[in-house]
Amino acid sequence: MKVRNATRPSEVIGQQVTDVETHAERKRTGGEPELGEQAGDTTEPSRPTDVSAEEVRRLGVEARLIGLCLEGFRTLTPSVLRVQVVCGRCRKPTDMCTTSTAAAGTGPSDTDSVCPVCDERLGLRVATSVCRGGCNAVAHILGVNCHPVQLLRSDFEASCSECFDVARIRNVGAGYRKASKCMGCSTKLNLCVEDVDLLGQSVAKWRQVAEEQGEQMNARRQLQDARKIEKHLGLKVGQPLPGKGACKHYGQSYRWLRFPCCGRAFPCDVCHDEQTDHHCEWASRMLCGLCSHEQPLSKDQCSHCGAAQSRGSRSGHWEGGDGCRNRITMAKNDPHKYKGLGTPTPKSKESKVADAHKKRCS
């Protein structure tokens, strides 16, 4: 029987040191890939720091101040830019604010953020420009995992044309007008901006995406706020609404309507207009008056509990043919009660033949 010789601790330690030295040598010479890298893949992912200012101006979108008027100013340089972007992953719009670019001058600067919807890492590479008389371009912006669509109100630094003092101007945007004097030499200063815009090949496409997704996000946010208000009022699914959904305007309607203009639910359109500051839009969803279950708008029974949403045929009004059709029991203020009564009834063919025979005999 052969017995395996035990390895001494000193030999094990020496072998570990040799392995560590060998690994470090391979790492230094590039013979061994880093942890997490695939062997044979030497292409690194593109990062915003790898893009120069010239490439940003060539590939990015141009931020421009339209109708810029610089009176008494020598230069105008962006300090903090606020940009609305569209996430390249979930296509939801969000706002990003660049860091102060005064220290970087006209060189590129980086800004990182996280999408509030999908947690995607977003980045902006900004190459600023110095605006002078006749030059309206303030910066070029290149998005990383996002697409810039709109330039929001931003901060700028302007220098006086006489004493070269620098002043900070905040919230410059469309329709901005400011007249003042220089604090150093009292030179008259005047800054006017008619409009702002982003110029690029795909800006219009992504701007339309931002508008559509923004409307959906606003509608979702309104619905969430409306349900919080309903929860505060004590409305619970499975329990009847106050008054079983009826109101002083429509006492025979057992439902509440969900209005898309504000996302809130009211017994009728009149109640909506009385309790809000805007006119209602056509509702497409409703809440059952007996079980508070939300469902598409319908005159039929509730799809959850089977309760009738109105009195139906017992109503004294026409209601598009679904209500009362008896002229005797129909309400007097319904126009269908007296419709067609003043029109003479056309004679039949037999009566016309009889009238003609009487004329001939006489």
**Q.** For Y338, Y176, order by how many other beta-carbon atoms lie within 10 Å, fewest first
**A.** Y338, Y176
Q. From Cα coordinates alone, what are the radius of gyration and Dmax values for region 174-243 in angstrom?
A. 24.5, 74
Q: Grab the alpha carbons of region 233-303, take their convex hull, and tell me the volume per residue in Å³.
A: 86
Q: Once you have the Cα-Cα distance between I66 and D225, take 0.36 nm times their residue separation minus that, and quote the gain in nm to one decimal.
A: 53.4 nm
Q. Measuring from label point to label point, each 7 Å out along Cα→Cβ, what is the N171 to H278 span in nm?
A. 2.3
Q. What's log10 of I(q)/I(0) for region 70-211 at q = 0.09, 0.10, 0.16, 0.19 Å⁻¹, Debye sum over Cα points only, no solvent?
A. -0.30, -0.37, -0.83, -1.08
**Q.** Overall form of region 125-269 per C-alpha gyration tensor (a/c, 1.5; a/b vs b/c)
**A.** prolate
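Here, each number is a calculation from the coordinates, and none is a lab measurement. Given the structure is predicted, the values throughout are model-derived calculations rather than measurements. We place every Cβ from the backbone using ideal geometry, glycine too, and count neighbours over all the protein chains shown.
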